[in-house]
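Undergrad: Below you will find the structure I want to go over with you.
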Amino acid sequence: MKHPAGKLESLAPKDASEHAHALFEKLFLASPDAIIVTTVDGHISAASPATERLFGYSQSELIGNLVEILIPERFRGRHPQLRGAYVAAPGVRSMGTGLELYGLRKDGTEFPVDIMLSPVEAGGDHSILTVVRDVTERKQAETALRHSEERFRLLVEGAIDYAIFMLDPQGRVATWNSGAERIKGYTADEILGQHFSKFYPQESVERGKPQHELEVAAAEGRFEDEGWRIRKDGSRFWANVIITALRAQDGQLIGFSKVTRDFTDRKRAEESLVLELGRAVLANPDIRQMLSAIEASLQRLIPHDYAAIALYDLSSAHELHMQELPSAGGPASYQEGILPIKGTPEGWVLINQEPLLMSQLDSKNAGRATFQWKAGVKAGCWVPLDCRGEVIGTLFVGSRRQPAFDQRHIEMLLQAASQIAGTIKIDHGYRRIVQLSSKLKEEKRYLEEELRTEYNFEEIVGESHGLKTVLKQVETVAPTGATVLILGETGTGKELIARSIHTISPRRDRTFVKLNCSAIPLGLLESELFGHEKGAFTGAISQRIGRLELAHMGTLFLDEIGDLPLELQPKLLRALQEKEIERLGGRKAIAVDVRLIAATNRDLARMIKTGEFRSDLYYRLRVFPITIPPLRVRTSDIPLLVRYFVNKHARRMNKPIQEIPEQTMSALVAWPWPGNVRELENFIERAVILTPGSTLRAPLAELEKVEEESATMSDLNFHAAEREHILRVLREAKGMIGGSGGAAEKLGLKRTTLNSKLRKLGIERSDYL
């Protein structure tokens, strides 16, 4: 049988069946490997189609040619000698003998091959059958595997913060990396073949802990634990350990991999955190100090720029109380708020009880970050505050840089959150934080209602001897913490002096709380001062914190103290002496540390004689009295005040007032100003409004009218002069007391204050209508 690939008849036995001959021919033609038949002297007598494809030669180029044309030139010189040795001792040489063999294509490229040789005898002729297999892909895979193994070896050796080693099925150390040597102190020569229980404390070995860990890993595939381990020198370190079972393809256990990390620093930080938090709870009744301790400990554990705690509101199933911790490196801040559970990251973490990164907000569908008002926070993480399976809220830490947190930080944060949750639960810390949130809400509401005065200590205007005496008294008493009683007529600046005392006192960083005793209805004054519990009286639909409690560690200014009802005076006295209060409807004593400043324009000594004021409270208030002189006895300050108020209100109204006429200034100095500085400022403000140009145009008509009556008024005492002045203003206002254009506005007084003066001066409605 003839075939283009060469004569195959000589290869088949003469007596072979036709079937066997046909099968051999099919195998020869279909083989994916190259099949070459050569004579003993190396000439090619037959070649399969795969040979053509593999080497790039045609049949005519192969048949009759020496087989050396398929061998790289660097091997050709030795090949005849090797062929002769094979012919002398023929035998089957299988593939995979480990030799590095290469083939040469017609285009000159080389490629790795594996070769099988077999002697063939037919009709007394001897030939050599060669099967050539292209192993390029296998070699590439082997090279890639070697590179991968090398990279893995370098990775393991370079992971100096991780002890990575293998154990045999019995737990003996089989491999050892440089990280293991650094962490545990043993060299490879010292530890290979040793049982890994060598790293455990004796009490753990006696309990069978090492063997238990291997059993769990073998049964479940993986075991993770944290606990104390022993170094070579006997010292202990806190280790995070992961043991993974290694199995062959048939499922047979062949050993374990073990990864150990040294978490001693984290453990000590956590212990420090617990210790600090414990001290903060037990030693500091002020929850703010507890929050500061939490922030300081967190900062050492996980550096960050912002942190906040959100606690589940036990009284509401839909809200969280968010409490900001003092910002890292910044001023102490206690921003608070109420967060809904639904649609917030905090709520998602509370419900799902797992951490949440900012980058996961969209994928977790947790809504927008509720702290976005906090400029600069770019990365952060929420974790649940989990106290022994009870999630009481969430903890958030944020950073201005990105990325800032990885899995290691999250694990540390979870540990810290667990400790914080436990600390908050201890000693009712949870309740105290929720109460602080309510208190801060009340402070915010109060501060929005009671705006700080536009003056401050540096802006008190005047150079008179009387005013300087007052300021000297302020400087003397402010640092002491003593109770101060400020005496003076309406409008002399009693509140301004009170704020000045607070501003330069040690309590300046705490709240300044004001309460005007004459401005609050009698039925509400006790609640406003001491607070009330929910349901304490009709209309008390929620708990409210009183001004005394709001002023804790700060200053409470009680204006118009002479109007404090007689029945509340002993309760205030007790609060000052015992430093504790009870809310209306409450049974629990609440500690309050308040510096009290009181003010009045009334004669308290006379009120004691008439039974309107308690003497014991009077003497408790009058520890350090300061009397503010009225404006009429410090007339040298009036020009300074006039210029100050003109500039102030002209700037506010964007009016270019440059000049104050001498006649106007003289009239202002001559006026007795029964409403004092407040009345003067309101008069100047009206004058600025009426001035169209650069020269102040003051409404002097009312002052001129008074000057015409000066002869009559000179014989009257101050109260009579004040009575006449108020009556005149009431008549000009056509009897209207409050509202725009009313007498109270013209006099620069509050409506309640003017009503009080009308009663005190005995002015009836028939007197001015």
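The values are calculated or read from the model by the stated rules, or taken from the named source; none is laboratory data. Just so it is clear, the structure is predicted and the values come from calculations on it, not from any experiment. Methodologically, a virtual Cβ is constructed for each residue, glycine included, from the backbone with ideal geometry; neighbour enumeration extends over all protein chains shown. Heads up: the accessible areas ignore ligands, DNA and RNA and are worked out on the full protein's heavy atoms, side chains in. Shrake-Rupley method; radii C 1.70, N 1.55, O 1.52, S 1.80 Å.
Undergrad: Which residues' amide hydrogens lie under 5 Å from the amide hydrogen of Ala46, considering only partners 5 or more residues apart or on another chain, with H built in the peptide plane?
TA: Under 5 Å from the amide H of Ala46: Val37.
Undergrad: If I take the Cα coordinates of the stretch 721-761 and project them onto the principal axes, what are the three extents in Å, biggest first?
TA: 24, 19, 14
Undergrad: Give the ranking of Met412, Met358, Met736 by solvent-accessible surface, highest area first, calculated with a 1.4 Å probe.
TA: Listed by decreasing accessible area, they come as Met736, Met358, Met412.
Undergrad: Please list Lys534, Lys655, Lys184 from largest to smallest accessible area, probe radius 1.4 Å, with all protein chains kept in place.
TA: These residues rank, largest area first, as Lys534, Lys655, Lys184.
Undergrad: Please go through the residue pairs Lys184/Lys378; Lys258/Lys378; Lys648/Lys750; Lys514/Lys588 and name each one whose alpha carbons sit more than 30 Å apart in this structure.
TA: Lys184/Lys378; Lys258/Lys378
Undergrad: Find how much the distance from Lys571 to Thr109 grows on full extension, using 0.36 nm per residue of separation minus their present alpha carbon separation; answer in nm with one decimal.
TA: 155.7 nm
Undergrad: How do His725, His552, His465 stack up against each other in accessible area, from largest to smallest, with a 1.4 angstrom probe?
TA: From most accessible down to least: His465, His552, His725.
Undergrad: Further question on the same structure: Restricting to DSSP loop positions (anything but H, G, I, E, B) with no more than 11 other Cβ atoms inside 10 Å of their own Cβ, which trypsin sites (Lys or Arg not before Pro) remain in the stretch 53-114?
TA: Answer in residue order: Arg78.
Undergrad: Here's another thing I want to ask about it. For the stretch 543-593, restrict the atom set to alpha-carbon positions and state the Rg and Dmax in Å.
TA: 11.0, 29
Undergrad: Another question, then. Rolling a 1.4 angstrom probe over the protein chains, ignoring ligands and nucleic acids, what is the accessible area of Asp125 in square angstrom, nearest 10?
TA: Solvent-accessible area, nearest 10 Å²: 100 Å².
Undergrad: Are there trypsin sites (Lys or Arg not before Pro) in the stretch 622-685 that DSSP marks as loop and that have at most 16 other Cβ atoms within 10 Å, and which are they?
TA: Arg622
Undergrad: Ignoring everything but the protein chains, give the 1.4 Å probe accessible area of Ser292 in square angstrom, nearest 10.
TA: The accessible area of Ser292 comes to roughly 50 Å².
Undergrad: Average the reciprocal distances over every distinct pair of alpha-carbons in the stretch 475-590, invert the result, and give the Kirkwood radius in Å.
TA: Result for the stretch 475-590 stands at 15.2 Å.
Undergrad: So, one more: Would you mind checking the stretch 478-516 for residues with the amide N under 12 Å from a putative spin-label position 7 Å along Cα→C-beta of Leu471?
TA: None, by backbone N distance to the label point.
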